[in-house]
Amino acid sequence: MCYVITNAAPSDLPEIYLLFEEAIRFQKANNYIGWNNYDKEWIKADIKNGLLFKLICHNETAGVFSICFSDALIWRERETGNAVYLHRIVINRKFAGRKMFNKVLAGAIQLAKSRGLNYIRMDTWAENDRIIAYYKSYGFLFIENYTTPGTEDLPVQHRNLHVALLEKEVMNDKVPIYGEGVITMDGVSKID
C-alpha cells in the first residue's frame, strides 16, 4: 500500500475541519482526554506557511498533521533549533488501526535527518496515559509535564493546557519505522 505526504492547500480546509470535528466527537464519545475545540485560523496559517501536511492513501486523506521547527513557548530552554515538532495530528477514523502515525513519523524522521536535526518532539495531554504509552511505543521518551501559557501565540485548543512533552532522537533511532518516507522541500513524500 502506498502513502503520500503532501502539503495541504486552502481547498482542503472543509475536509480538514471535518477531520478535526470527527476526532473531537470520537474523543468525547469514548471519554478520552482530548480537544474541546480547534483553531481554524491556526490551520489556515499552517497551510499558508507550508506547515500543514496531508497523508494520502489511494486518493483519500488518511490524516493531517502540522510541523514546525521552533517551539520555544512550550519547550522553553530545550528549544535550540535542533528538532522537528509534530502538532495537531488527526487521523481519519476510516484508517484507524492501520498505524498511520507510523507513516507520519517516518516522514518526520526523514525530514529531520535531511536537515541535520536531532529530534522529533511533540506534546500531548498529560492526563492521557494511553496516548503517552502509544507514542512511547514508537521510541519517544517522556521529558516532563508542563502547563502551556494562555497566550494568543498558541492555538486556542493549546492554551493553558497540561501537556506531556515527548522527544525521540532520530540520529540513533532504535525503533523500526515500517516504510520509508521523505518530505522534500516541496513538501511531497512517498511512503511505501
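The values are calculated or read from the model by the stated rules, or taken from the named source; none is laboratory data. All of these numbers come straight from a predicted model, not from anything done at the bench. So basically every Cβ, Gly included, is an ideal-geometry build from the backbone, and we count neighbours across all protein chains shown.
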message: Looking only at residues that are closer than 24 Å to Glu22 by Cα and not hydrophobic (A, V, I, L, M, F, W, C) in the stretch 59-73, which one is modelled with the lowest pLDDT?
response: Asn59
task: Return the residue satisfying two criteria in turn: it lies in the stretch 59-79 and is free of Cβ contacts under 8 Å to residues at least 12 places away in the same chain and part of a loop (DSSP other than H, G, I, E, B), and of such residues it is nearest to Gly97 (Cα to Cα).
output: Asn59
message: Name the residue that is nearest to the chain's Cα centre (by Cα), counting only residues in the stretch 112-122 that are modelled with pLDDT under 95 and either crowded, with 24+ Cβ neighbours inside 10 Å or on the phi > 0 side of the Ramachandran plot (or both).
response: Ala112
- prompt: Somewhere in the stretch 146-160, is a residue assigned to a strand (DSSP E or B), touching a residue at least 24 places away in the same chain (Cβ under 8 Å) and over 13 Å from the mean Cα position of the chain (by Cα)?
  reply: yes
- prompt: Out of the residues in the stretch 50-93 that are within 13 Å of the chain's Cα centre (by Cα) and among the hydroxyl-bearing types (Ser, Thr, Tyr), which is nearest to Tyr3 (Cα to Cα)?
  reply: Ser66
field: Condition met for Leu55 (of a type in the set (A, V, I, L, M, F, W, C), in a loop (DSSP other than H, G, I, E, B) and either out of contact with any Asp or Glu (no Cβ under 7 Å at 6 or more places or on another chain) or surrounded by 14 or more Cβ atoms within 10 Å (Cβ to Cβ) (or both))
entry: no
query: If you scan the stretch 123-147, which residues turn out to be buried (at least 16 other Cβ atoms within 10 Å of the Cβ), farther than 22 Å from Arg159 by Cβ and small (Gly, Ala, Ser)?
result: Gly139
task: Would you mind telling me which numbered condition in (1) closer than 24 Å to Glu167 by Cα; (2) surrounded by fewer than 21 Cβ atoms within 10 Å (Cβ to Cβ); (3) at pLDDT 95 or above; (4) small (Gly, Ala, Ser) Ala9 fails?
output: (1)
Qualifying residues in the stretch 25-50 (those that are surrounded by 14 or more Cβ atoms within 10 Å (Cβ to Cβ) and charged (D, E, K, R)) - the one farthest from Ile131 (Cα to Cα): Lys44
